[in-house]
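Engineer: One structure, as structure tokens, below. Some questions next.
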There are 2 protein chains.
Amino acid sequence: MTLTKDTQYRSLNPDSLRQVLADLPPLASRLGGAAADWSIREVSDGNLNNVWLVHGPAGSLCAKQSLPHVRVDPSWKMPLDRTTFEAGWLEAVTPVVPDMVPAFLHFDPQLFLLVTACLDDHVTFTEALAKGADPAPVASQIGVFVARSTFHTSWRGGPFENMARLEQFFSGNTTLSRITVDLVLTDPYHDHPRNHYHAELQPLVTRLHADPAIHRSVCHMQSRFFTAREALLHGDLHSGSVMVGQDKTSVIDGEFSGIGPIGFDCGMFVGNLILASFAAPSGSRRDQLHQAASIFHESFIETYCNEWLHSEAKTDLAPTFLSSHDPDEIQRQQKEECDRITADTAGFAAMEIVRRLTGYANTSLFNGLPEPQKGKQQYQALSFAMELLSDLKTAPEKLFPGRIIPL
Amino acid sequence: MTLTKDTQYRSLNPDSLRQVLADLPPLASRLGGAAADWSIREVSDGNLNNVWLVHGPAGSLCAKQSLPHVRVDPSWKMPLDRTTFEAGWLEAVTPVVPDMVPAFLHFDPQLFLLVTACLDDHVTFTEALAKGADPAPVASQIGVFVARSTFHTSWRGGPFENMARLEQFFSGNTTLSRITVDLVLTDPYHDHPRNHYHAELQPLVTRLHADPAIHRSVCHMQSRFFTAREALLHGDLHSGSVMVGQDKTSVIDGEFSGIGPIGFDCGMFVGNLILASFAAPSGSRRDQLHQAASIFHESFIETYCNEWLHSEAKTDLAPTFLSSHDPDEIQRQQKEECDRITADTAGFAAMEIVRRLTGYANTSLFNGLPEPQKGKQQYQALSFAMELLSDLKTAPEKLFPGRIIPL
């Protein structure tokens, strides 16, 4: 679905959004009162969408509309279909993680307008980390989230036709996949005008652009990203896509969703925890944040294996009659699959760290540090990521030291 | 695209086909003369389509139309879209193997009618084998065919968006993929009413339905089939899909096409050569046919690596700047990729042998043998396939003994 001449698309503003919502009885009654009484607050973040939080006497909602161009550069045109994929992702994962995504309320395919429940009183996990929040509970919950959302959208979640339908839909999401391919998988490994980084990193970046062992690992991870048709991924699971409330953690912004290796979602999240760890102002905070990466990973593995053990889905991959001879057989298959996901997690985590320090969309996690610590700690983070990429075989042990995998 | 109420689909007969062709000027002029002069010969084979060869004074063509039901059972309804996928496959591979597929002439999406050049004076490779033809030249040519058709429709053939478009289209081919999943990957490994086999095979079949090591290998190969998003496959590359002419080998019947592991196409073809080998009436013929499997494989590997070396496609997977440091680096990557394809080839070849001896669509290759040889030789063939599946690690060496891989 792309912008065509006869589309009814128009960029909304608070007034026109109010009218659109007033014309949708379920949404109007959710908000309550008269349309004129609703407060509409724009909270747009990022370059690609407008986002409004709408409050009425009875309730609230969040409205997100694709922009037809990059906000800061109206000449950089963008197809509008990203909210279509975000809506599709929400629809696909809601049944298996209903309490960890905002409730879907409405999607208008002409306006590319997605309306969900409003996550009042939530902050992004990035903000929570900057304020020194304990990362462990969120890390553990996101482990559950990734395990459930990927397991049930994988070949283990049902007959192959389910997966084929997801594949058919999400393979259309090439606009945002192109951004991932360029910014995460490619640009940071050579000179590119979009790249920028702290001057302190120059010697490492020079090596990053030339080291054959690292480039070999990057080719391997690219191959995994492209060829591993494992499950529906969120596709952009950094700490800004995780909303933290009082008793609730929610995942938003599934517009980068697509079918790929499960370790990609794991690696994005782990990479951001490791970045936060290297950005920590103290050694104890650093340990706590690195430890949270292992907590995420263990929570993921435990949940993934539990979903598998208790799944009653009729599958074409490894149907019961092929794998129920032997109580150890399922465990053997689980270990093989989890080892592969863990290996991918380590590789993609390293690439996420690299691109957030040397690519286009740099991390803000180090912003609070004074110099020269800022440069030094970024140097340590990048060194660590490059060490992982120098030898993918040993990367999982380096990333999750002393991990106890419940297998 | 499926059958809907307002479709203009109707099952054609020679008279109505003549009218359809007469209304298409390029086809009418290809045939030449008056429509009444054209000879139309039905050569339908298999259960799913009608096929006619049409000859006129100036030229000829082949017309293939999907049937809305299984020929032998009109109550077994089938969606019509399989010729849509065959036409899509032909369109995708023709640019890279123009001399190894029949020329595409016309596709009517309402009638699900595909018209191609007529392969006059060709016989199926199955028939050629039964007549004792030397299998080596065809095996070598099909090696070239699989290498080119998969390499250029893989992530190495162009930017990732090309592959995403193929994925979006071919993931819709679930009707015929369901047949592959059931008949090739699943049914032969347990009791199923569709299965049938020579009485001599009973002890082996009993083991096949219960052996944990074999079932583990089957689960692994299922996982490869589902998760390995490597290239566009023909999907049904048995000897009946290969047409052999005087100086030309062509591949037809791409209706099972889809995105999957390259070793699946290799394995189907190799499996059929090995079956032919075990069906041979003499030891020397057996050796010649088994040797042809290695000839196919070496031709495939050599061509695949050559296409890779000489490709100038701009790719997202392993772009030049990541893999051109070192003359050995490409060779190292090629070895890794070819080893993976070879491992898949061995596993899928074994499963093809198993299903052609114990599943629904049994091979005709043993039909010329008298008893008790027929039963004995099928027993040997099935034993060999089960030996491969008992240990996938050693399967490539057993399948291609003493192979010299040009790497």
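The values are calculated or read from the model by the stated rules, or taken from the named source; none is laboratory data. The shown structure was predicted, so the numbers you read here are calculated from the model rather than taken from an experiment. Because the Cβ atoms are built from the backbone with ideal geometry, glycine has one as well, and the counts that use them run over all protein chains shown. Each accessible area value is taken on the protein alone, full model and side chains, heavy atoms only, with ligands, DNA and RNA left out. Shrake-Rupley method; radii C 1.70, N 1.55, O 1.52, S 1.80 Å.
Engineer: Note down all Cβ pairs under 8 Å where the first residue falls in region B:221-238 and is within 7 Å of another protein chain (Cβ to nearest Cβ), the second is of a type in the set (Lys, Arg), and they're at least six residues apart or on different chains.
Structural biologist: B:PHE226/A:ARG229; B:THR227/A:ARG229; B:ALA228/A:ARG229; B:ARG229/A:ARG229
Engineer: Which of (1) closer than 30 Å to B:SER154 by Cα; (2) assigned to a loop (DSSP other than H, G, I, E, B); (3) aromatic (Phe, Trp, Tyr) is the odd one out, the single condition B:PHE366 does not satisfy?
Structural biologist: Unmet for B:PHE366, out of (1) closer than 30 Å to B:SER154 by Cα; (2) assigned to a loop (DSSP other than H, G, I, E, B); (3) aromatic (Phe, Trp, Tyr): (1).
Engineer: A follow-up question, please. When the residues of region A:303-334 are narrowed to those that are more than 26 Å from B:ARG178 (Cα to Cα) and modelled with pLDDT of 95 or more, which ends up most open to solvent (accessible area, probe 1.4 Å)?
Structural biologist: A:ASN306
Engineer: What's the number of the only condition in (1) within 14 Å of chain B (Cβ to nearest Cβ); (2) closer than 30 Å to A:THR249 by Cβ that A:ASP211 fails to meet?
Structural biologist: It is condition (2) that A:ASP211 fails.
Engineer: Test each condition in (1) among the small types (Gly, Ala, Ser); (2) surrounded by 21 or more Cβ atoms within 10 Å (Cβ to Cβ); (3) farther than 30 Å from B:GLN373 by Cα; (4) touching an Asp or Glu at 6+ places or on another chain (Cβ under 7 Å) for B:GLY245 and report the one that comes out false.
Structural biologist: The one condition B:GLY245 does not meet is (2).
Engineer: If a residue must be free of Cβ contacts under 8 Å to residues at least 40 places away in the same chain, within 14 Å of another protein chain (Cβ to nearest Cβ) and outside any helix (DSSP H, G or I), how many such residues does region B:288-343 contain?
Structural biologist: Going through region B:288-343 one residue at a time, the tally reaches 4.
Engineer: Go through region A:136-192 and give me each residue that's of a type in the set (Phe, Trp, Tyr) and facing chain B (nearest Cβ under 10 Å).
Structural biologist: Start the filter on region A:136-192 by keeping residues that are of a type in the set (Phe, Trp, Tyr), which leaves A:145, A:151, A:155, A:160, A:169-170, A:189.
If the condition is that a residue be of a type in the set (Phe, Trp, Tyr) and facing chain B (nearest Cβ under 10 Å), then A:TRP155, A:PHE160, A:PHE169, A:PHE170, A:TYR189 are the ones that fit.
Engineer: Here is a further query. Exactly one of (1) out of contact with any Phe, Trp or Tyr (no Cβ under 8 Å at 6 or more places or on another chain); (2) more than 10 Å from chain A (Cβ to nearest Cβ); (3) in contact (Cβ under 8 Å) with a residue 12 or more places away in the chain is unmet by B:GLY263. Its number?
Structural biologist: Unmet condition: (1).
Engineer: How many residues does region B:56-77 contain that are part of a loop (DSSP other than H, G, I, E, B) and under 20 Å from B:LEU17 (Cβ atoms)?
Structural biologist: Narrowing region B:56-77 to residues part of a loop (DSSP other than H, G, I, E, B): B:56-59, B:67-68, B:71-72.
Cutting the leftovers down to under 20 Å from B:LEU17 (Cβ atoms) gives us B:56-59, B:67-68, B:71.
Residues in region B:56-77 being part of a loop (DSSP other than H, G, I, E, B) and under 20 Å from B:LEU17 (Cβ atoms): 7 in total.
Each row is one residue, and each column tells you yes or no for (1) among the polar types (S, T, N, Q); (2) surrounded by fewer than 22 Cβ atoms within 10 Å (Cβ to Cβ).
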position	(1), (2)
B:VAL123	no, yes
B:ALA133	no, yes
B:VAL146	no, no
B:SER149	yes, no
B:HIS152	no, yes
B:TRP155	no, no
B:PHE160	no, yes
B:MET163	no, no
